[in-house]
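Worksheet for the structure shown next.
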Amino acid sequence: MISRKIGLLFLILFSPILWTNVNAQIIPDGVYFIQSSINSDYCIDNSSSLVQNGNNIHIYKKNFTDAQKWKVENRNGHIIIRSMNNPNYVLDNSSSMIQNGNNIHLWEYNGTNAQLWRPDKVGENTYLLRSAINNSFVVDLNNSATENGNNIHLWENNGTKAQKWVFVRVNTSNGNSTNYYGTPTYPTYPSVPSYTTPNSDYDRHKATCGGCTGSGRCRHCNGSGHVNNYKSKCSLCHGSGTCVSCHGKGFIRGNF
């Protein structure tokens, strides 16, 4: 009778802690770029942005497209990794096979363990992604090569950087990224000269450019060099970010 009371007291005191641990979100729900720990310029990418069963998943240089944005959904200590091309499609271990080199591809969500991954934290925002079928096997970058199109597959855990992935949260309002702590990182825009007020007789024979009102920036892309949420090169300045009327100087010659 006493042992039963002790057992009941243990459950009352510690069951909330155990429940919290089971349901803790190691990677908070949200949208992320999943970058290689070998080279942060390269991300897990849905090949050609195609949404179909069996479409290949590979590594590709970061380009801020939806093919490289993945929605993390926590599920009882594991995560589902949904494609932002179509969240009904997820990262899937092909045919649920557990063997070195088994392909990881896109597949419509079906609730099987082939589509569940257990994140194992190994550094700041850095994780192994263990298969829910066999935790000894993880998401791996073929031959550790960060080059466009290199395959991503399943491999037995070996402690290399090829198996470590950095999750960088996407700010879905503008497509750029922020880390867990809210520090923004943005694409590098080309620098353009700023307009300065004329301060000599020579400078007074220049007029403020009407195309950019003296800023020197392309009016179509506002100096970013890209449009459509940084997906396309600006057609007006051809990606330079500089005003085509004054070539980024902010002024034009005047005869007055």
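Scan Arg253, Arg169, Arg204, Arg217 and give me the residue that is at pLDDT 80 or above, of a type outside the set (S, T, N, Q) and more than 22 Å from Leu91 (Cβ to Cβ).
None of the others qualify; the one that does is Arg217.
Which condition from (1) at pLDDT below 95; (2) more than 22 Å from Pro87 (Cβ to Cβ) is the one that Ser144 breaks?
The failed condition is (1).
Got a number for residues in segment 92-135 being small (Gly, Ala, Ser) and surrounded by 13 or more Cβ atoms within 10 Å (Cβ to Cβ)?
5
Can you pull out the residues in segment 56-76 that are out of contact with any Pro (no Cβ under 6 Å at 6 or more places or on another chain), within 22 Å of Arg118 (Cα to Cα) and open to solvent by 30 Å² or more (accessible area, probe 1.4 Å)?
Asn56, Glu73, Asn74, Arg75, Asn76 - these are the residues of segment 56-76 that are out of contact with any Pro (no Cβ under 6 Å at 6 or more places or on another chain), within 22 Å of Arg118 (Cα to Cα) and open to solvent by 30 Å² or more (accessible area, probe 1.4 Å).
Return yes when Ile57 is at pLDDT 95 or above, under 15 Å from the mean Cα position of the chain (by Cα) and over 16 Å from Phe137 (Cα atoms) and no when it is not.
Here the answer is yes, as Ile57 does meet what is asked.
Would you check which residues across segment 22-55 are open to solvent by less than 50 Å² (accessible area, probe 1.4 Å), aliphatic (A, V, I, L, M) and either farther than 28 Å from Lys121 by Cβ or part of a helix (DSSP H, G or I) (or both) and list them?
Residues satisfying the conditions do not exist here.
The values are calculated or read from the model by the stated rules, or taken from the named source; none is laboratory data. These numbers come from a predicted model, not from an experiment. Cβ: placed from backbone, ideal geometry, glycine included. Neighbour counts: every protein chain shown. For accessibility, only protein heavy atoms count, side chains too; no ligands or nucleic acids. Shrake-Rupley method; radii C 1.70, N 1.55, O 1.52, S 1.80 Å.
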